[in-house]
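Notes follow the structure.
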Amino acid sequence: MRIVQIAHAYPPYPGGLSHVVENISTRLTGKGYEVEVITLDTGLNLPSVENYHGVIVERFKGYAPLNAYYIPSTGFINHLKRIDTDNTIFHLHNLGSVSTYLAWKALRRKTDKIVLTPHYHESGSTLHTRILWKIYKLLIKKMLKNIRTIHAVSSFEASLLWKNFRVKPIIIPNGIGEDVKDYNWNPPSNTHVLTYAGRIEKYKRVDLVIKYARRLIDLGLSVKLRLIGRGSNLKRILSLARKLGLSVEHYDFLGRREYLEKLSTSTVFVNLSAYEAFSIVTAEALAIGVPVVIAEPWGQTFNGCSKAHIVDPLNETGVIKALKESIDTPRKTEKCGLIKTWNEVVDEIINMLYTRLL
């Protein structure tokens, strides 16, 4: 069985989608499957074909105006129209990418062995994407009704897919790298480090993290903000932090070992994002033992973890209470055991998604 993953991003592009597709693909290869990734190059001028840890990666030119939409070139579409579909399962990722819809259109008359992981959080994250989503939904409704196997990464995402499209997906949450288990929570003793890691875009609401960090300082606590990542809102966020007199330790997207080291030495991880299907960074923090303060409603995915504080991000009293409780968490190692590794998740993907299409 050959498995073709189709996604708009793959390493070295950073971000959650790239991370997910990489981990699924490399684990499948490790289990003996023939794996290809068909993806876009939206500006890095990467090799058109590459062997990446045993995975054949084919890249086609793409366009991402305003860091959105992910529109493929005609080469991407023509390649899919010509591709051999015998003994092949096609796994499409990200409902919000135009390349996903066009890939389905190119494949639908050739094969029904298609899996879709929507990574769906209901709305666009900017004004222009929210407006265009209303039109785009009319197109993707037909696609969703005609794909045999749809996979959600959380119960929250599944509820959104049912509410908006009357689709009942198979739920398999994302996993964490096995390397996460090598790290233990080791917070600093002389200050409190609030960490956010990920894309720094407006919808991630890092400005709220800064606001609440400042409130903790006003209450007499020593607080520093650690930001890991970049995005279109970074300049504004750093300016706001300076204006409020908040100490910020900023890093670009880090290599794996350094990233996990920074995460494990945080006092608390904070993610007040408006839109998430599944937050892998939150899962990694909880698996290390780091307390987290995360947003409703997507944060309910981690409700079974004792160190997960799930809040209304706009309720200042509730967020400050959760942050103080996280800061006061006893310094003992207590990891959330509910989160599976990628190897375990990929076994479920094979058995629950791919096998049923054969």
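The values are calculated or read from the model by the stated rules, or taken from the named source; none is laboratory data. Note that the coordinates shown come from a computational prediction; the quantities given were computed from them, not determined experimentally. Glycine gets a Cβ as well: all are built from the backbone with ideal geometry, and neighbour counts include every protein chain shown. Areas reflect the complete protein model, heavy atoms only, side chains present, ligands, DNA and RNA absent. Shrake-Rupley method; radii C 1.70, N 1.55, O 1.52, S 1.80 Å.
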Problem - Per-residue ³J(HN,Hα) for the range 25-34, Karplus 6.51 cos²θ - 1.76 cosθ + 1.60, θ = phi - 60°, Hz, x for Gly and Pro - result: 5, 5, 5, 4, 4, x, 8, x, 8, 7
Problem - Ordering of 250-256, 34-40 by packing [mean C-beta count within 10 Å, highest first] - result: 34-40, 250-256
Problem - Difference of contour (0.36 nm per residue) and Cα-Cα distance, Lys324 to Arg166 - result: 52.8 nm
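For a protection proxy built on the mean count of beta-carbon atoms within 10 angstrom, sort 337-344, 114-121, 351-358, 179-186 highest first, please.
Values: 337-344: 17.0, 114-121: 25.1, 351-358: 13.6, 179-186: 15.5.
Top of the packing list down: 114-121, 337-344, 179-186, 351-358.
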Exercise for the section: Provide the percentage of antiparallel DSSP beta bridges, counting only those with both residues in the range 1-135; round to the nearest 5. Expected result: 25 percent
Completion exercise
Spelling it out for Arg205: with amide H atoms placed in the peptide plane at 1.01 Å from N, the residues 5 or more places away or on another chain with amide H under 5 Å from its amide H are Ala274
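Can you pick out the pairs among Lys61/Lys105; Lys81/Lys137; Lys211/Lys307; Lys61/Lys145 whose Cα atoms lie more than 26 Å from each other? Walk me through the numbers on the way to the answer.
Values: Lys61/Lys105 18 Å; Lys81/Lys137 24 Å; Lys211/Lys307 22 Å; Lys61/Lys145 29 Å.
The pairs that break the limit, which is 26 Å between Cα atoms, are Lys61/Lys145.
Per residue, how large is the accessible surface of the chain? Use a 1.4 angstrom probe and give square angstrom.
Working: 15520 Å² over 358 residues.
For the chain, the per-residue accessible area is 43 Å².
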Practice task
Pop out the ³J(HN,Hα) list for the range 60-67 in order, Karplus 6.51 cos²θ - 1.76 cosθ + 1.60 with θ = phi - 60°, rounded to Hz; leave Gly and Pro as x.
Solution key: 10, 4, x, 10, 10, x, 6, 6
Practice task
Determine the share of the range 212-358's accessible area contributed by carbon and sulfur atoms, expressed in whole percent, with a 1.4 angstrom probe.
Solution key: 49 percent
Problem - Mean Cβ neighbour count within 10 Å, used as a protection proxy, ranking 69-76, 195-202, 309-316 highest first - result: 195-202, 69-76, 309-316
Handout entry: Residues whose placed amide H lies under 5 Å from that of Ile171, excluding near-sequence neighbours
Key = Ala152
Handout entry: Radius 12 Å from Cβ of Val248, net charge of other residues (Lys, Arg +1; Asp, Glu -1)
Key = +4
Practice task
Amide H neighbours of Val115 under 5 Å, at least 5 residues apart or on other chains, H built in the peptide plane: list them.
Solution key: Phe90, His91, Leu92
Exercise for the section: Could you tell me which trypsin sites (Lys or Arg not before Pro) in the range 31-71 are loop residues by DSSP with no more than 13 other beta carbons within 10 angstrom of their beta carbon? Expected result: Lys31
Handout entry: Simple spin-label estimate for Ser306 and Leu66 in nanometres, 7 Å along Cα-Cβ
Key = 4.6 nm
Handout entry: Length gained when the stretch Lys211-Asp86 is fully extended (0.36 nm per residue, less Cα-Cα span)
Key = 39.5 nm
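Under a Cβ-only charge scheme (Lys and Arg +1, Asp and Glu -1), can you give me the dipole magnitude of the chain about the Cα centre, in debye to the nearest 20? Please list the in-between numbers first.
On the way: 48 positive and 32 negative charges, 249 e Å.
Value, rounded to 20: 1200 debye.
Taking 0.36 nm per intervening residue step and subtracting the Cα-Cα distance, what contour gain separates Ser159 from Val49 on full extension?
Extending this stretch completely gives an extra 35.8 nm.
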